[in-house]
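Mind looking over this structure? Questions follow.
The values are calculated or read from the model by the stated rules, or taken from the named source; none is laboratory data. Owing to the predicted nature of the structure, the values given are computational and were not obtained by experimental measurement. Using ideal geometry, Cβ is built from the backbone for each residue, glycine included, and neighbour counts are taken over all protein chains shown. Ligands, DNA and RNA are excluded from the accessible area calculation, which covers all protein heavy atoms including side chains. Shrake-Rupley method; radii C 1.70, N 1.55, O 1.52, S 1.80 Å.
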Amino acid sequence: MAPKERVRNLIYNLKDKASIVAATLSLKRHVSSVRLHVLRATNHSISYPPSEDRIAAVLSVSQGSHLLPRVCIDALMDRLHETRNAIVALKCLFMLHTIVRGPLALRDQLSYYPSFGGHNFLNLSNFRDDSGPESLELTSWVRWYAGVLEQSLTVSRVLGYHLTSGDNNNQKNGVQERKHLRGSNSDLLREIESLVGFVEQLTRVPESLYLQKNELVYEAVRLAGEDYRSVQSEIFLRVEEFGERMEILDVGELSGLVGYLTRIEGSKEKLVLLFVNRIRNDAFWDLINQARRKMQAKKEEMEGKWLTARPKSIGWANPFLEADQRIAIPPGGGWVRKIRNGVL
């Protein structure tokens, strides 16, 4: 290890110890305990994800006072927004992602966080750690992971349930087993739009894919991959439903759907590189391709009918003629100018 790196690690260790001492001195023991759990799970140490014991300690907060989950989320958010260290930021995001799958009390507090609901509520688009070459590379992973988590929460808000939360899985599976979804066409299109947004955020993955050998990055990608599997299932369900509704879709709805399916197909190559064929799901891609072709053909058929049904001329009633007599108006806009000028 280079001397400069040893000095930097020493400084980080001192910062962690100082933060722990400050939290310990808090007069509110319960609050102090929660903050200590968060600090230990998101320390500056080697870039491994938090241990199972430290994760469990943070999640156990939900079993105490109803005020503690809020303290936990606030502590994680404060830690995330105050740090300029990529390792700490990734650990904070990892813990937030774990909370999304965890106890309801913690998930609710994350959902009600004051800044929640915006496109960039984690506010890490300008995050930068330039303390070293690898830290600079990890910076792009912090931004990407924050975007994935933001998009995952956005999808959950649109769908009305979290993608991979344990207590909603049974309910979600029940929805998926139904042959029809209850939503209107516009509702389903809005849901697909948010799901496509998640898929496209995944494709914004940094070029430094080799950094997946880093344990912390690897775990972040693994959790993102689990969300991606859930998103594939949600898209699959809705595309099948639109297949059953195809005969009642109008041209605008078909056009929107074809656009979303095209965007999904355009993401395939990047997703294969990211997950290295771990999430192939060939049936999903076959469905997307076939549905896009059918929807495109149906859209073109409807547009073709419009063109062939368009009249070559129209009749304009003249009050000075007999009741059954009409003046033939040629197609085009020139006759409107003539009417205005008093020619007709």
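Taking only pairs six or more apart or across chains, which ones have beta-carbon atoms under 9 Å, a first residue in region 182-199 that is aliphatic (A, V, I, L, M), and a second residue that is open to solvent by 50 Å² or more (accessible area, probe 1.4 Å) and modelled with pLDDT of 95 or more?
Partner pairs satisfying both residue conditions: Val196/Arg263; Val199/Arg263.
Just to be sure, is Arg157 in a helix (DSSP H, G or I) and open to solvent by 20 Å² or more (accessible area, probe 1.4 Å)?
yes
Specify the residue that is farthest from Ser194 (Cα to Cα); the eligible residues are those in region 240-270 that are of a type in the set (A, V, I, L, M, F, W, C) and open to solvent by less than 10 Å² (accessible area, probe 1.4 Å).
First pass over region 240-270, keeping only residues of a type in the set (A, V, I, L, M, F, W, C): 242, 246, 248-249, 251, 254, 257-258, 261, 264.
Adding the requirement that they be open to solvent by less than 10 Å² (accessible area, probe 1.4 Å) leaves 242, 249, 254, 257, 261, 264.
Numbers: Phe242: 16, Leu249: 20, Leu254: 17, Leu257: 13, Leu261: 13, Ile264: 12 Å.
Step by step, filter region 240-270, then rank; the result is Leu249.
Could you list, in sequence order, the residues of region 282-302 that are closer than 11 Å to Phe236 by Cβ and buried (at least 16 other Cβ atoms within 10 Å of the Cβ)? Spell out how you get there, then give the answer.
Filtering region 282-302 for residues closer than 11 Å to Phe236 by Cβ gives 283-288, 291.
If the condition is that a residue be closer than 11 Å to Phe236 by Cβ and buried (at least 16 other Cβ atoms within 10 Å of the Cβ), then Phe284, Trp285, Leu287, Ile288, Ala291 are the ones that fit.
Could I ask something else about it? If Ser65 meets every condition in (1) in contact with a Lys or Arg (Cβ under 9 Å, 6 or more places away or on another chain); (2) modelled with pLDDT under 90 apart from one, which number is that one?
Checking Ser65 against (1) in contact with a Lys or Arg (Cβ under 9 Å, 6 or more places away or on another chain); (2) modelled with pLDDT under 90, the one that fails is (1).
Where the second residue is open to solvent by less than 10 Å² (accessible area, probe 1.4 Å) and not in a helix (DSSP H, G or I) and the first is closer than 24 Å to Arg101 by Cβ and in contact (Cβ under 8 Å) with a residue 24 or more places away in the chain and lies in region 206-227, which pairs have Cβ atoms under 6 Å and are six or more apart or on separate chains?
Asp227/Leu163
Quick check on region 168-212: of everything there that is part of a helix (DSSP H, G or I), at pLDDT below 90 and in contact with a helix residue (DSSP H, G or I) (Cβ under 6 Å, 6 or more places away or on another chain), which residue is nearest to Gly252 (Cα to Cα)?
This residue is Gln176.
Let me ask something else about it. Which fully enclosed helices (runs of 4 or more DSSP H) of region 246-344 have 2 or more residues being at pLDDT 90 or above? Working first, answer last.
Numbers: elements: 251-266, 268-275, 282-309, 334-340.
Result: 251-266, 268-275, 282-309.
Do the conditions hold for Leu237, that is, is it under 23 Å from Val158 (Cα atoms), surrounded by 11 or more Cβ atoms within 10 Å (Cβ to Cβ) and either under 23 Å from the mean Cα position of the chain (by Cα) or modelled with pLDDT under 95 (or both)?
yes
Need pairs with beta-carbon distance below 7 Å; first residue β-branched (Val, Ile, Thr) and within region 141-165, second in a loop (DSSP other than H, G, I, E, B); sequence gap 6+ or separate chains.
Val142/Leu124; Val142/Phe127; Val155/Leu163; Thr164/Arg101
Tell me whether region 113-129 contains one or more residues that are at pLDDT 90 or above, farther than 22 Å from Arg222 by Cβ and of a type outside the set (Asp, Glu).
Scanning region 113-129 turns up at least one residue that is at pLDDT 90 or above, farther than 22 Å from Arg222 by Cβ and of a type outside the set (Asp, Glu).
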